[in-house]
Amino acid sequence: MQLPKPQPREPGWPAPEFRFSPTRNRARDIRWRGWSAEAFEQAKRERKPILLAISAVWCHWCHVMDETSYSDERNIRLINERYIPIRVDADKRPDIQNRYLLGGWPTTAVLTDTGEVVTGGTYIPINQLRNLLQRTSDYYRDYYDQLKEESEQKRGQIIAIQSREPDVNYEVNRNAVAEVMENLQRSFDSKYGGFGEETKFPNPPAIELLLRRAFLEDEAYLLEMAAITLDNMAEGGLMDKIWGGFFRYSTERDWSNPHYEKLLSGNAELITAYLHGYQVSDFTRYRDIAEKTLGFVDSFFADKEHGGFFGSQDANEEFYKLSTERRLKTKIPYIDPIIYIDANAAMVSAYIEAYKILGDNGYLSFAKKTVDFLIENCFLKDNGMAHYYDGSPHYLGWLSDQVHMMGALIDTYGITGDHAYLGIAKELADICNRLYKAQDGTFFDRALAGDEPELGAMFVKNKPLHENVLLARQLYRLAYINGIDTYEKLAEQILANVELAPLAPTPAVSLYGLAVDEVAVEPVILKVVGHRDEAGARALLKEVWRRYIPGKEVVTLDPVEDYRFLEEQGFPPERHPVIYPCIGRMCLPAAETVHELSAILEDLPGRPK
């Protein structure tokens, strides 16, 4: 399989296979292997256990592990002599991470030579690691045949379960929205916002669902829940008030003790949540928070020359504990220069939303530059998006990249009217349907036919809730933009069959509630007839963008190129620029002026099917 031709490599690219703590350490003295057939074959040949280390460049305790447990002379010698050590970068290979993570980062797991977990944990101090490695190595030697037999039994059981004919549902449970909302209200922290007690992670999909229902139902208490959460996240310590940007999570209920890593993906979701909070509430502080976060991303994550956003910033606790004056004079924590496609696509969508609401052309220009970069360098026809780029693209076959990129492409089409972006979004939808689809209509996290062998637990077929729901949302958008019923049916089949654990207030469950609500309430499709560079069209679109309208999509129809379609729809091609507001597939009379359009949009809230 041939990947797209890369651009000339940047200084420091490609990224090294193994990345260690930036502080002095000896972890590189361990003879690490990559995740490969050769490593597993060596483990079998030498009858040695595998030591799997899953690390991330932004992870504080991963660095501590490198500097301590993996720098100890006796541990290094023990690992090199008695183990086959494999090191995996969590960001580069989320598929391996999702099958082996043992509670957090770093993950330290001892595996059989077929990839079954024997024992493990997260960060393990020097002496404890040495004791664990010695005992486990002895146990593995003495009970090798028994472990091998148990591994084969477990593998057979999983394969048998995966081979069963699944039950297929065809109706979306529309009561799920009420159930998710009740769960959010029950777990809501009325003092500090967020859901549950400590440890607290941001939950942007929950905020989006609260804002949506507050708007559609005109319910003040739902808006208050969203506002309390937005206020406390920013004021309590989750937001970096000096440099901007949000940290990943807090260990305290009041958001006061964050873990200091900043991830591109999390900041993308929070930018959008604060922008929508500003639209619904008209509280300018949310606009200011969004702008400060955008400023951080634009200054430190955006590759202005080529397009694309860098992946994360390291969690350097010492840096963030400095006084403001010293922080401004000290070198900032390390920024991972790798371009991760799913996170980049999420930030493209956030930048486009920022352009719509804030009106800064710079956001749109860079969003488009990034989308074009990703298409040119990371898109392979018939196989979709690679997962990351470090001078060349790597790892095809990750569902998250396909669905996030679909969203970015739909958003780019909506703002530019360029049908080429919509065409690639449809290609990705078809690729997902062909390469990732399960029998029950849900989708696997990995393509069914990949280039590499299914080593260890990679044979396990995961159907992640978050990515499935996100795909359903993108398919539903495509259905109404293109008028293709097939996409709507695919979306509803996903939502009818995704596996739901108890409805805990997690981002994935909140996103599921949001998606079901979008199916239950007719979307608003605004069909623009005319050229977007016409002054009248620009004025109409500005009115569309400034308003918070749940389920809003914009379709551009050219009076010449789309002449036949316009006549079929009963839209006079010679009459432009105008906007036809459509609720679902029922279109209202055209609006020619901002005043006419404003009057129509005012009456839209609450559109159950």
### Task
Once you've got the Cα coordinates, tell me which of K191/K463; K369/K552; K92/K552; K368/K527 are over 30 Å apart.
K191/K463; K92/K552
### Query
Taking only protein heavy atoms and a 1.4 Å probe, what accessible area per residue, in Å², does the chain have with all protein chains in place?
42
## Note on the structure
Here, GluC sites (Glu not before Pro) of the range 159-191 satisfying both criteria (DSSP loop; at most 11 other Cβ within 10 Å) are E171
### Query
Say a paramagnetic label sat at a point 7 Å from the Cα of K461, along Cα to Cβ; which residues of the range 397-414 have their backbone N under 19 Å from it?
397-400
### Query
Given a Förster radius of 35 Å and the C-beta distance between E171 and L448 as r, what FRET efficiency does 1/(1 + (r/R0)^6) yield to the nearest 0.05?
0.85
### Message
Just to confirm my understanding: which cysteines in the chain have no other cysteine beta carbon less than 4.7 Å from their beta carbon?
### Response
C378, C432
### Task
Return the Cα extents of the range 394-450 along principal axes one, two and three, sorted largest first, each rounded to a whole Å.
35, 28, 13
### Task
Can you send over the solvent-accessible area of L448, 1.4 Å probe, protein chains only, in Å² to the nearest 10?
80
### Query
What residue among A420, I158, T284 has its Cα farthest toward the positive end of the dipole of the chain, where the charges are +1 on Lys, Arg and -1 on Asp, Glu, each on the Cβ?
I158
## Note on the structure
Only helices counted: for the chain, with every DSSP H run of 4 or more residues adding -39500 (n - 2.57) and the sum spread over all residues, [θ] at 222 nm is -15500 deg cm²/dmol
### Query
For the range 341-450, which whole percent of the accessible surface, found with a 1.4 angstrom probe, sits on carbon and sulfur atoms?
47
### Query
Which of the aspartates and glutamates could be linked to K437 by a straight reach, that is with a Cα gap under 17 Å, when you skip same-chain ones fewer than 8 residues away?
D95, E165, D167, D382, D401, E427, D445, E467, E488, E492, E499
#### Entry: Spherically averaged projected area of the range 181-303 from its Cα convex hull (nm²)
7.0
#### Entry: Compactness of the range 546-609, expressed as Rg and Dmax over alpha-carbon positions, Å
12.6, 35
## Note on the structure
Evaluated at 4 °C and 1.567 mPa s, the Stokes-Einstein D of the chain based on the Kirkwood radius over Cα pairs, in µm²/s, stands at 50
### Summary
The extension gain from T119 to Y563, computed as 0.36 nm times the residue separation minus the Cα-Cα distance, is 153.2 nm
### Long-range amide H partners of Y395 with built H, under 5 Å
H387
### Query
Residues with amide H under 5 Å of C582's amide H, sequence separation 5 or more or different chain, H placed in the peptide plane at 1.01 Å from N; which?
I525, L526, K527, L588
### Query
Taking 0.36 nm per intervening residue step and subtracting the Cα-Cα distance, what contour gain separates K329 from S299 on full extension?
9.2 nm
#### Entry: Span-like helix ranges in the chain, DSSP H, alpha carbon extent 15 angstrom or more, Kyte mean at least 0.0
204-217, 220-236, 264-281, 341-358, 361-378, 399-416, 419-435, 465-482, 507-520
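The values are calculated or read from the model by the stated rules, or taken from the named source; none is laboratory data. As the structure is a computational prediction, the values presented were derived from the model and not from experiment. Methodologically, a virtual Cβ is constructed for each residue, glycine included, from the backbone with ideal geometry; neighbour enumeration extends over all protein chains shown. Surface accessibility is based on the protein's heavy atoms, side chains included, excluding ligands, DNA and RNA. Shrake-Rupley method; radii C 1.70, N 1.55, O 1.52, S 1.80 Å.
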